Every structure is written in C-alpha cells, then in structure tokens.
Amino acid sequence: MSDPSLFAHEGSADDSPDAALGEGEVYARVAVERAIEGEAGEGLLYRGEGLRVGDRVEAPLGRGNKTAGGIVVAVGGAELLAGFDPRRVKAAAGTGRGSLRPALVELARWISSYYVTPLGTVLATMTPAAVKAGTGRRTRVCVEPTELPAPAPRRPGDEPPARAGGTGGGGHGSGPPACAGGSLEGGLTPSVRAALEKIRALPASAFPVEARELARLVEAPNAGPINKLVAAGYLREVEVRTVRAPEAFWESRRVEAAQSRVVEPTVAQSAAIGGIGGSLGSFGVHLLRGVTGSGKTEVYLRVIERALEAGRTALVLVPEISLTPQTAGRFIDRFADHGVAVLHSGLTASTRHKQWAAAASGDARVVVGVRSAVFAPLPGLGVIIVDEEHDSSYKQDQAPRYHGRDVAIKRSQIEGCPVVLGSATPSLESWHNAWKGRYRLWELPERVGGGAMPRVQIVDLGAERRLRRSLDGRDPHVLDAIGPTLERAIDTTVRAGGQVILLQNRRGYAGYVACPDSTCGWRLECTECDATMVVHRAGARRGYVRCHHCLAQQLRPEVCPACGKRLIDLSVGTQRVEEELERRFGTTLGLIAGETMARVDSDTMGNARAYFDVLERFGRGELRLLLGTQMIAKGLDYPGVRLVGVINADTALGLADFRAGERTFQLVSQVAGRAGRGAETGVVIVQTFAPEEPALTRAASHDAVGFARMELETRVRAGLPPATRMARVVVRDEDLDKATDLAERIVVALKQSAGEGVWVDGPWPCAIARVAGRHRIGIDVVAPDAGRLRTTLTAARAAGLLTSDRQVAVDVDPVALL
C-alpha cells in the first residue's frame, strides 16, 4: 500500500472522528474537480451513506480537511476499500445542487480516457459554475392542497419542493382533519369556504403557489382566507427552490411569421424525417447533407416532434456564431408548450442557472445551445441534433479538448438514441464515415420552393489591380479591398433595393505594420509572441496595434526603427473595409457605418445582445449592408440579400494546416448560401489571388461531393485524417531548453509504446513558436485507427508525461495545427 500521507482523503487513526467504523458501511469514490492523474484521479475514497453516482459533494482533503467540490463516480461496500484501513476514511457531504445523471458520469469517463484529461477536470467542465454556486437560487414558501399525491422520487439535478416544518396541521404532509369534508368545513366563514371551493377547482399544475398569488387566482381580497386554510389543515406550506433571473433578452423575441410557419415537407425532407424518426429508441448516426436553404431545420423540428410525442426530450447543438434569434426562435416558437431552454455564452450567471435547472427538472424538454450544452442534464433523451457539424467552434481549445460533435455521438450511444449531424458542407470525417457505411446519409439536394442556388463569380485580384489602375490611374502596387467588379455589384444591388453581405475573415484595420523598403524588411512583431501585431483604429486617433494571441497592445509606431522610413499598413481587416465602403458609397448610396451598414466582428459585438440587435435591424431592412468575419457566414436567412461578396478568399489558404483547403471551401460555400433566398436570384463575388484553387472553383459550382472526394483522396495518399487518426502534443515553457528536454522525453515514451503503423513526428517548434512568452514545441502522433492511437497515448500518460496541464497540452483529433 502507498504511503498514507500521499492520499488527500486520509486522516490520523487517532484524531479522525470516523475512527470506529462497523461492518456494512457504504463507500463512495469521489472525483475531485482538480487535475489529479493516476489512481487518485479515478476517485478518492469517502464514506458514502446516502450518496449516489452523480451526486455533487464537498469532500475534505488532507489533514487540514480543506474541502473541494467533486462528483461521486462509484458507490459500493468494502470492496472499494481494496485493503485500505476503514478508520481513515472520511465522510463527504452532498451539496444538493449541480448533480449529474449517471449517463453523464459515464460520458465523463470516456472523455477523460479518449482526450487524455484527468477525470476531475472533465467533470468540472460539465456543470456551469453558476449551477455549482447556486447563483440566483432562492427558496419561496408556497402552499398546496393536502390532498395532492406524494411527489415523484427526486432525479439527479432536480430542485424538488422541500416541506416546511412546524406550520399548521399539514406542515409535514398530513392530510386535512378527518372531518374536512364534513362538520369542520361547515365551521369555515363564508369567504374562506368560497376560497376553498375555488381552490379545489384549480388544476394540480397550479400548485405549489405563493399564498398571495393563490389569493389572486381565487379572487380573494387578500391572503387572509389562504392563511386560515393553512391553519385548518386544508392547505400545507412547502418550500420551493427556484432560480431567480431576469428575463433573457431572447425570451421576448419572436421570429418572423415567414420563418416560423409550418410548411409541407418536400419529398427529400419526408424521406429523411421518416428514416430518422423511425430510428428513435435506438442508437445510430445520421448525416443530413442539404444545400443552403434546403430545409434542414424543418427536418430537425419534425424529428424532435416525434421524440416529444414518444415522451422523450431533445438536445440541439449549434455553433456559437449560428445561434441567432432566427435559429433559437424557430425552436422556441414550435415547442413553446414543451418548454425550451437556451444555453450560450451570452447569458448572465443567474439566467444560465435558470435554464440549466429547467432542463434538469423536465420543465424544458428541448435544449438549444452551443458546444457545452452537450452536457445538458436532460432526462429521457430521445434525439440529439448537431447543426453545422463541420464547424471548428465545436472543438474546445483548452482541457478537456473535446469535440462537441464527437461527444454528442458518444452521448447518443450511451443514452440509446439517434444523433443527427447536419451541414451543407460536412466535414471530411463525416463524409468518410458515411461512405464507409458507419453513418446513414440523407441528402437534400435542392432549395425549398425550387429556388435557384446563387451564381458565383470568382474574380482575380491581380486582374482587378490592373483594371483599377486603368480606371483611376493608381499605383498598381496599391490594392483597395474592393475591386471594380465588386464595387459595381454593390452599387447595382443597393440601388435596386437589395441587401449586401460582405465577408472579410480578418478583424482589425490591417494585418501588420512593415517598412516599405524591401531591403530593410522590418515589421512589427509582438515582444511576447512570434506573431505580428494587428493594426486597430480608434476614432480619429492614429491607432494602436494588438497581438491577437496574448492581447498585448501599444500605440502604432510612425517610423521604422531600423531605417527611419515611414511605416505602412499591410493586409486588409474589417475596419479598413468599413472605412473604404463609407468613402466609396457614403455619398452615392448613403452607406454610413452604424446607420445603414454595420460591422460584425468580435471588436464591435461585445455581447450576444449587440449581435442580435444588429441582425434584427438587418432583418427589418434598416441596415442595407452587413460586413463581418465568419460570424455572418452561417445561420442567417434573409430574403433581401441579393449580393454576397468575399473580400479575400485566400485568408486561410496560406496557413500551415492540411485542413486549409477544406476550411476555405466550407467558409465560401456557407457565406455564398446567404444569397438568393428570396424571389430574386442571388449573386456571389469571390475575390482571390488564386482563381484556379480547387477549393474555390468547387465552391463556385456548389460541388460539395466532388470537393470531398477529391480532398479525401489527397488525405489518403498523404496518410492524414480522416484516413488516419492524429493527436498533437504541445510542450510549453518560458525556458526553451526545458521545453525541448521534456518534449524529447515524451517522444521517447511515445515511440516505445507505439504499435504497428503508428508514426511519431517531432519534436519541433510549432508554426507559432512562442505565445505569451512561452516557447511551444510540437509533437504529432499519427495512427491507423483510434485504438492504436489511444494505446500509444495511454502508455505515455501512465508514465506521468502527458499531464494535460499548463505545461503539456494534449489535443486528440486536432482541428488546428498552429
């Protein structure tokens, strides 16, 4: 047995208040919400009387008995002791809030194993901090008739009514006096008797209710008759725990009737609805590939209807940037009678707790949320929907580095229900699984109502530069963000009453500051990161530069410190495009920033309310042009949009990442799909310096299948995912020698455990070799399948080298390699 001083739950045999333990004790293993690896990471041992798997507890640690939150992961008898002295086992106390259903504990174990993360870290992620802290929680004293049946047994995560003691004859649930319906009732005053009769006519769903509110319901002048009925035993007082929160700003917003009306499904939609709906009650993965505007959401709604009719619940996941009033509104509008909870980062702490509690209690049978909503405590889960399943925002960028889509699939398997992955541009992983027969593929090849897909024109920015020179006589080396072709299209569209969406997937004013003298070559880089500083403008001031990695910032320098020449801004950001739009069209078209056009990026959208307000203004037609980053590339459905412009489609193509082409195809295809959703045919203009790039030409022809097959063939030849499985290990340290030494030891351990066909590459500096003053050394592990990848990583983890902490990051199935 290990030295007892190493175990946080052990105390002295002499001073422990739990020294004398008899036979038949109940014990619990508690995973403390700390980054603890090894045997202790699987759960510390405590006395577990009254505890169940999934209960949240406060567990004493060490000789000082300092408590830490944790989750019960196992309950049993003496077999859990494994020879450990029972006199040293302390007791853990349940908190009564933030418990997890056993299925979620099982899911946490899988995430811990697959994503190489301590179990306590995973469990800490699954429940919002507001729920653990009880933010907004309060207890109300309510009343209910004593004839009501006993409440159903509590489920983990529920907030049940608690009986108030010592008040009236029915304070502990006893019924009314034996002669309640006889002589004693005759002793009630007329006003009290009248109130009692009206109370008996109310539905059971009206209770429990506060005395003042009940008086209003039965038209009593005040709460006096209610209090007398409590004293006489006809009503009993109960304590009801609720979460008090202000109304979420989206709760009062309704989608447009055109969006929320129920429509007759097309033939393709009906086939998908029938096939997916017919699989309810069993696990299976369905890939729903539909062109933009083909009605994927209606398929989701119909499948959810079937799940609700069967008495089950439903979970809908969307990328953060796609959770618009339209998206959430359609689910709220269709399922208002069943209760809908919405979970995303824009909620206040108390509102998040309120929404979480509604899901746990069953008051909300449908949950719509972003990545973390995959852990929503819904009972009786009937179906999971993952919309825009290809979106990279489903991947968590800190431990545990899970992928929301893949966790949703695993949760569906555990819960025994189907999962639907929807997208117009599925990920290569999903295409691969569908063509291998692991997923069932459903296709929606046409837009609802027979609408035509937009016409896409690829514009060569090199040719645009020459054209601009011939038109304006400008220096051919100076390129405006908006070329002549896109400029004419904007003018024509706005004059004709249409709306415009412009995508530039780089925020700020300019990508970097540099010396104009090529022989000098100086450019401004962050002192803490191996990355250039991005130029931002603030009003009429000269501007400042900010590092988008460590967020350091300073005033923009005017002259080159190496040669003294005046510095120039290179590479275009959304701020610069906004400035150019106002300069070109402010007078002729009345496009004024903040009035008739808006910029949507993380600099201008400080919170979800600001984002939703802009979209509502655009929907009402107040805004004629919307300019933004990928935030506007999906989830928007506005019939007035006739033109979509991509300012520079090459932004992602030059990245050192094998997924660059796939991301470019998806982004251009998604933003192009915003055009032409009304009566008018849409037009899309894509500006690029690489007009022959297959990712762009395939997107222009709306050929998702052709691009996927071409790209998958390339990946197979190169031995890259999804043909293989990959993990990336990044070692970080302020001391380069220390980072390199640890990385080399990890490589040795990985190679020793690597099975047949497993390839370990590295160590070498990452593409961004230093962030926030810490050097970054990368190691890639590529295996033929998930099993061999896990075996290789598990051995290095057992050796204590893959710690998933501040120094070592382990990313299984990475979506970015910078």
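The values are calculated or read from the model by the stated rules, or taken from the named source; none is laboratory data. Nothing here was measured: the structure is a model prediction, and the numbers come from that model. Quick reminder, even Gly has a Cβ in these numbers, built from the backbone with ideal geometry, and neighbours come from all protein chains shown. Accessible surface is based on the protein model in full, side chains and every heavy atom, while ligands, DNA and RNA are left aside. Shrake-Rupley method; radii C 1.70, N 1.55, O 1.52, S 1.80 Å.
Run Phe612 past the list (1) more than 27 Å from Arg709 (Cβ to Cβ); (2) at pLDDT 90 or above and report the number of the one that doesn't hold.
Just one mismatch for Phe612, condition (2).
For the list (1) open to solvent by less than 40 Å² (accessible area, probe 1.4 Å); (2) within 20 Å of Thr688 (Cα to Cα); (3) not in a strand (DSSP E or B), I need the number of the one condition that Val459 fails.
So Val459 meets the others, but not (3).
Given the criteria under 22 Å from Ile685 (Cβ atoms), open to solvent by less than 10 Å² (accessible area, probe 1.4 Å) and at pLDDT below 95, does Ala652 qualify?
no
Only one of Glu487, Glu525, Glu464 is charged (D, E, K, R), over 22 Å from Val641 (Cβ atoms) and in contact (Cβ under 8 Å) with a residue 40 or more places away in the chain. Can you tell me which?
Of the residues listed, the single one that is charged (D, E, K, R), over 22 Å from Val641 (Cβ atoms) and in contact (Cβ under 8 Å) with a residue 40 or more places away in the chain is Glu464.
If you check Gly787, Gly755, Gly778, Gly762, which single one turns out to be open to solvent by less than 50 Å² (accessible area, probe 1.4 Å) and part of a loop (DSSP other than H, G, I, E, B)?
None of the other options fit; the residue is Gly755.
Using the structure shown, decide if Val419 is assigned to a strand (DSSP E or B), touching a residue at least 24 places away in the same chain (Cβ under 8 Å) and closer than 13 Å to Glu389 by Cβ.
For Val419, the condition - assigned to a strand (DSSP E or B), touching a residue at least 24 places away in the same chain (Cβ under 8 Å) and closer than 13 Å to Glu389 by Cβ - is met.
So which residues in segment 684-726 are in contact with a helix residue (DSSP H, G or I) (Cβ under 7 Å, 6 or more places away or on another chain) and among the acidic types (Asp, Glu)?
Listed by number, the list holds a single entry, Glu711.
Of the residues that sit in segment 229-255 and are crowded, with 18+ Cβ neighbours inside 10 Å and farther than 25 Å from Val143 by Cα, which one is modelled with the lowest pLDDT?
In this case the residue turns out to be Val255.
Which is in a helix (DSSP H, G or I) and either touching a residue at least 60 places away in the same chain (Cβ under 8 Å) or open to solvent by 30 Å² or more (accessible area, probe 1.4 Å) (or both), of Glu49, Glu58, Glu79?
Glu79
Tell me which residues, restricted to segment 664-706, are modelled with pLDDT of 95 or more, open to solvent by 20 Å² or more (accessible area, probe 1.4 Å), of a type in the set (Val, Ile, Thr) and over 30 Å from the mean Cα position of the chain (by Cα).
Those that are modelled with pLDDT of 95 or more, open to solvent by 20 Å² or more (accessible area, probe 1.4 Å), of a type in the set (Val, Ile, Thr) and over 30 Å from the mean Cα position of the chain (by Cα): Val683, Thr697.
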